[in-house]
Structure formats: structure tokens, C-alpha cells
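To start, the structure under review is shown below, and the notes come after it.
The values are calculated or read from the model by the stated rules, or taken from the named source; none is laboratory data. Treat the numbers as computed from the prediction; the structure is a model and nothing was measured. No Cβ is skipped: glycine too gets one built from the backbone with ideal geometry, and neighbour counts run over all protein chains shown. Just so you know, the surface numbers come from the protein's heavy atoms only, side chains and all, with ligands and any DNA or RNA stripped out. Shrake-Rupley method; radii C 1.70, N 1.55, O 1.52, S 1.80 Å.
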Amino acid sequence: MHEIFMLAALAESKKALPECLPNPPVGCVIVNAEEIVARGYTQAPGKHHAEAEALSQIQGKAFKFLDSTFFRMYVTMEPCSFHGRTPACAKTIAENSRISEIYVSILDPDPRNNGRGLNILKEAGKKVYLGLCATEVKSFLYQYLLK
Ligand SMILES: [Zn+2]
């Protein structure tokens, strides 16, 4: 079941090209129970990363969930932990009390990140799972990393 959602996030990743470059084409879905309620992919540089794009959808008026509703996030690569052209996604997710679990397929090999993003999430009390569909995600994403 979780694999279906990560593969949906991978499909979002592929939509990011070519506008996202030189940023990696990351994809993200947010799930409530067994339903995808938001999708996002890396926008052009300076605009939303995949995670921020998906979060903006559940914070918008189009979705009316109870305050007690929690969401799971599936993202193809570790959220960024440093403030580049946009705020760090890991901090944005950490501060969002409605995201309770995050499934990350692969670590970000960028030495500025590389585990720091996951640590920010864990320190915020989120449940973090690494490695889902890593083979499939790597075969697409690795060619765009560390360039
Ligand atoms: Zn980011």
C-alpha cells in the first residue's frame, strides 16, 4: 500500500522536468487514510519545492479537514534542511503539526543536507521512514543529483 503512494510521488517527480532544473525533480504526495489529498513537484528555481507545493494545497481553502486529521507525506528525496532560494522544507514540515509521518525514498547526497533534513523531522517528533521504493526512485532521480 505504501509503495503505491511513493510511486505516485515518483510520477510527480517526473512532471517537474525541465522547469525545476538545476534543482532535482522531486515529487511529493500527501495522504489522508488511503486517499491522496495533495500532490506537488519541484517548481522553477525560487518557487515552491515539491513538499511546499503539496503543503500549500492542504492549507488552502479547497480542503476542509477536521483539526484532528493527520496526514502522511511521501516524498522521493529527503527534504532540504538549508535555506537556499526558498525556506528549508524540512523546517516547514517540522512546524506543520498535521503531518505526522513522512516516508522518504532516498537521502539527499548534497553534503549540505545528507541526513540533516531527516534529523530535523525526527527532532520535531515526526515518524520518519527511509528507503521505500529506493530502487525505482534512484533509477530516475540520481542522474539529476550532484551536478
Ligand atoms: Zn526543499
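Provide the percentage of antiparallel DSSP beta bridges, counting only those with both residues in the chain; round to the nearest 5.
Antiparallel: roughly 50 percent of the beta bridges in the chain.
What is the set of long-range amide H partners of Val37 at a cut-off below 5 Å, with H atoms built 1.01 Å from backbone N?
Ile30, Val31, Asn32
Which is farthest toward the positive dipole end of the stretch 74-125 among Thr86, Ile99, Leu118, measuring Cα position about the Cα centre, with Cβ charges +1 (Lys, Arg) and -1 (Asp, Glu)?
Thr86
Let me make sure I get this right: for the stretch 68-147, a, b and c are the square roots of the gyration tensor eigenvalues over alpha carbons, sorted descending. Under 1.5 in a/c it's rounded, otherwise prolate if a/b > b/c, else oblate. Which is it?
Taking the square roots of the gyration eigenvalues as a ≥ b ≥ c, the stretch 68-147 is oblate.
Keeping the other protein chains in place, figure out the carbon and sulfur percent of the accessible area of the chain, with a 1.4 Å probe.
Solvent-exposed carbon and sulfur of the chain make up 54 percent of the total.
Quick one: net charge of Tyr41's neighbours, Cβ under 12 Å, K/R +1, D/E -1? Before the final figure, lay out each step's value.
Working: positive: Lys14, Lys15, Arg39, Lys47; negative: Glu12, Glu19, Glu51, Glu53.
Net of charged neighbours comes to 0.
Can you tell me the relative contact order of the chain? Whole percent, Cα pairs under 8 Å, sequence separation 6 or more.
Normalised by residue count, the contact order of the chain is 21 percent.
Under a 1.4 Å probe, what is the accessible area of the stretch 2-95 per residue, stated in Å²?
For the stretch 2-95, the per-residue accessible area is 48 Å².
Are there any chymotrypsin sites (Phe, Trp or Tyr not before Pro) in the stretch 1-67 that are in a DSSP loop and have at most 16 other Cβ atoms within 10 Å? List them by number. Present the calculation step by step, with values, prior to reporting the outcome.
Working: sites: Phe5, Tyr41, Phe63, Phe65; in loops: Phe63, Phe65.
Here the chymotrypsin sites (Phe, Trp or Tyr not before Pro) that fit, given the DSSP loop and packing criteria, are Phe63, Phe65.
Taking amide H positions as placed in the peptide plane 1.01 Å from N, state which residues far from Gly27 in sequence (5 or more) or on other chains have amide H under 5 Å from it.
Sorted by chain and number, the residues that satisfy this are Ser13, Thr76, Met77.
Where in the stretch 15-66 are there trypsin sites (Lys or Arg not before Pro) that are in a DSSP coil and have at most 13 other Cβ atoms within 10 angstrom of their Cβ?
Sparse-neighbourhood loop trypsin sites (Lys or Arg not before Pro): Lys61, Lys64.
Which value, in debye to the nearest 20, describes the size of the charge dipole of the chain about its Cα centre when Lys and Arg Cβ atoms bear +1, Asp and Glu Cβ atoms bear -1, and nothing else is charged? It would help to have the intermediate numbers written out before the result.
On the way: 17 positive and 15 negative charges, 60 e Å.
Charge dipole of the chain: 280 debye, to the nearest 20.
Are any of the pairs Lys15/Lys127; Lys91/Lys127; Lys14/Lys126; Lys14/Lys127 more than 23 Å apart by Cα-Cα distance, and if so, which?
Lys15/Lys127; Lys14/Lys126; Lys14/Lys127
Could you tell me which of rounded, prolate or oblate describes the chain, using a ≥ b ≥ c as the square roots of the eigenvalues of the alpha-carbon gyration tensor, with rounded for a/c under 1.5 and, failing that, prolate when a/b is larger than b/c and oblate otherwise?
Details: a/c = 1.37, a/b = 1.33, b/c = 1.03.
Note, shape of the chain comes out rounded.
Residue by residue, what Karplus-based ³J(HN,Hα) values in Hz, rounded to whole numbers, does the stretch 8-14 have, using 6.51, -1.76 and 1.60 with θ = phi - 60° and x for Gly and Pro?
Rounded to whole hertz, the list is 5, 5, 5, 4, 5, 3, 5.
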